Amino acid sequence: MVQYYITCKRELWFFANQINMNYNNDDIDIGKYIHKKSYSRENKEIQFDNMVFDYVKDEDGLTIFEVKKSSNLPIGAKYQLYFYLYSMKKIGADLKGVLVYPKERKREHLVLSDDVIEKLDNIIEDIPKIVNLNKPPKAEKKPYCKNCSFFELCMV
């Protein structure tokens with residue numbers, strides 16, 4: 001929900017209220033394929049509490065890896081991984097985080113700073129307010145809307 005909060009509060013509302021659109025589109029299929037075929041030697045989808053880490057590795061300290069199709073929309077992916085690091089820190093586990101973009105052969109190491117922790121505290125406090133609205137927040141046109149599965153619902 002943190003990722004949705006960062007990218008689109010309207011999509012957060014839809015997701016939290018179990019309104020799902022067409023998840024059988026090419027972008028999602030490509031993302032699933034990349035996730036399946038990349039890093040095949042790693043133990044994937046490590047579930048902990050309400051989180052699923054793409055994979056975890058001891059790489060100069062325990063590190064959570066989040067695999068993404070592309071770096072076109074990095075802020076949501078970053079905050080998803082920040083949330084994982086934040087949640088683990090709350091239980092006393094100080095882990096590292098790496099965003100991985102296999103198609104681009106790119107990695108981005110994330111550090112959980114005090115500023116990010118403060119922002120996450122605010123996000124976590126604000127999410128229930130959005131989720132519990134009687135109707136979704138007003139649609140805001142963003143550059144990535146045309147690729148969203150909710151595009152027709154929001155923008156048409």
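Past 28 Å, Cα to Cα, is the threshold; run Lys68/Lys119; Lys69/Lys135; Lys9/Lys89; Lys103/Lys129; Lys103/Lys146 against it and keep the listed order. It would help to have the intermediate numbers written out before the result.
Values: Lys68/Lys119 23 Å; Lys69/Lys135 31 Å; Lys9/Lys89 26 Å; Lys103/Lys129 37 Å; Lys103/Lys146 22 Å.
Pairs exceeding the cut-off: Lys69/Lys135; Lys103/Lys129.
Computed on alpha carbon atoms, what radius of gyration and Dmax characterise region 88-154, expressed in Å?
When restricted to the Cα atoms of region 88-154, Rg and Dmax are 16.9, 43 Å.
Ranked highest first by average number of other Cβ atoms within 10 Å, how do 92-105, 133-146, 3-16, 64-77 line up? Intermediate values should be presented prior to the final figure.
Values: 92-105: 15.1, 133-146: 11.0, 3-16: 20.4, 64-77: 18.1.
By packing density, highest mean first, the sequence is 3-16, 64-77, 92-105, 133-146.
Report for region 47-126 the percent antiparallel among DSSP-assigned beta bridges with both residues inside it, nearest 5.
On the way: 11 of 16 bridges.
In region 47-126, DSSP labels about 70 percent of beta bridges as antiparallel.
Could I have the simple spin-label model distance between Lys135 and Lys89, label points 7 Å from Cα toward Cβ, reported in nm to one decimal?
3.9 nm
Could you run the Debye sum over the Cα atoms of region 44-156, one equal point scatterer each and no solvent, and tell me log10 of I(q)/I(0) at q = 0.17 Å⁻¹, two decimals?
-0.99
Computed from the coordinates by the stated procedures, all read-outs in this text should not be read as laboratory data. Only a predicted model underlies this, so the values are computations on that prediction, with no experimental measurement involved. Backbone-built Cβ (ideal geometry, glycine too); neighbour counts: all protein chains shown.
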